[in-house]
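First comes the structure, then the notes that go with it.
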Amino acid sequence: MSRIDDTKPFLPVGIAVLTVSDTRTLAEDRSGEVLVGRIAEAGHRLAARAILPDERARIADQLRAWTLDPAIDVILSTGGTGLTGRDVTVEAHRDVYEKEIEAFATVFTIVSMQKIGTSAVQSRATGGVANGTYLFALPGSPGACKDAWDEILKFQLDFRHRPCNFVEILPRLDEHLRRK
């Protein structure tokens, strides 16, 4: 089973938080606040934060810009992962991904099933990699953001997590771009 190896150092990463909503402001962004709080509590750096409306091109443009920022290692978006016509965050993420982390959606669904039962089927949470940066699209509810962080991301973004974690392979995510 997984564990934290206390003989290894903790390595903080830079994390950007993007809230996708047609109606929320920073003052009303409870899901973004959940993520910001957990990022700080874990010892990581909040590298950027923004709110954008449910517009696929604008979301994808912001994700692309952040993947090119050397201060950002991970992008967490919240909102727009459902099934309604305005929910386009997953499509925007996939417009940017070089590789999709299919198991993230599977593990998130397993975690969600334990909390909300079959309603978990309505989430389209996703994860991927682009330009050496991890990207994760989380549902817009504070509970879903807590579940994703507390049950998955907190561990995978901790270099000390064993048997493996996202941080240890972070320097190799863009190795294909450096090869000639």
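The values are calculated or read from the model by the stated rules, or taken from the named source; none is laboratory data. Given the structure is predicted, the values throughout are model-derived calculations rather than measurements. Here the Cβ is made from the backbone with ideal geometry for all residues, glycine too, and neighbour counts use every protein chain on show. SASA here: full protein model, heavy atoms, side chains in, ligands and nucleic acids out. Shrake-Rupley method; radii C 1.70, N 1.55, O 1.52, S 1.80 Å.
Structure notes:
- Being over 18 Å from Arg124 (Cα atoms) and open to solvent by 10 Å² or more (accessible area, probe 1.4 Å) is a condition met by at least one residue of the range 73-89.
Results for (1) under 22 Å from Gln62 (Cα atoms); (2) touching a residue at least 60 places away in the same chain (Cβ under 8 Å); (3) under 13 Å from the mean Cα position of the chain (by Cα), shown as yes or no for each residue.
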site: Arg86; (1), (2), (3): yes, yes, no
site: Glu98; (1), (2), (3): yes, no, no
site: Gly140; (1), (2), (3): yes, yes, yes
site: Leu153; (1), (2), (3): yes, yes, yes
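- Residue match in the range 75-98 (condition: assigned to a helix (DSSP H, G or I) and aromatic (Phe, Trp, Tyr)): no
Here's the yes/no breakdown for (1) modelled with pLDDT of 95 or more; (2) open to solvent by 20 Å² or more (accessible area, probe 1.4 Å); (3) out of contact with any strand residue (DSSP E or B) (no Cβ under 7 Å at 6 or more places or on another chain); (4) outside any helix (DSSP H, G or I):
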residue: Met1; (1), (2), (3), (4): no, yes, yes, yes
residue: Ala16; (1), (2), (3), (4): yes, no, no, yes
residue: Thr23; (1), (2), (3), (4): no, yes, yes, yes
residue: Ala27; (1), (2), (3), (4): no, yes, yes, no
residue: Gly32; (1), (2), (3), (4): yes, no, no, no
residue: Ala47; (1), (2), (3), (4): yes, yes, no, yes
residue: Arg58; (1), (2), (3), (4): yes, yes, no, no
residue: Gln62; (1), (2), (3), (4): yes, yes, no, no
residue: Ala65; (1), (2), (3), (4): yes, yes, yes, no
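- Residue satisfying all of: in the range 109-162; under 16 Å from Ser2 (Cβ atoms) and in contact with a Ser or Thr (Cβ under 7 Å, 6 or more places away or on another chain); surrounded by the most Cβ atoms within 10 Å (Cβ to Cβ) among these: His161
- Test: Phe104 is open to solvent by less than 40 Å² (accessible area, probe 1.4 Å), in a helix (DSSP H, G or I), under 16 Å from Val129 (Cβ atoms) and out of contact with any Pro (no Cβ under 8 Å at 6 or more places or on another chain): yes
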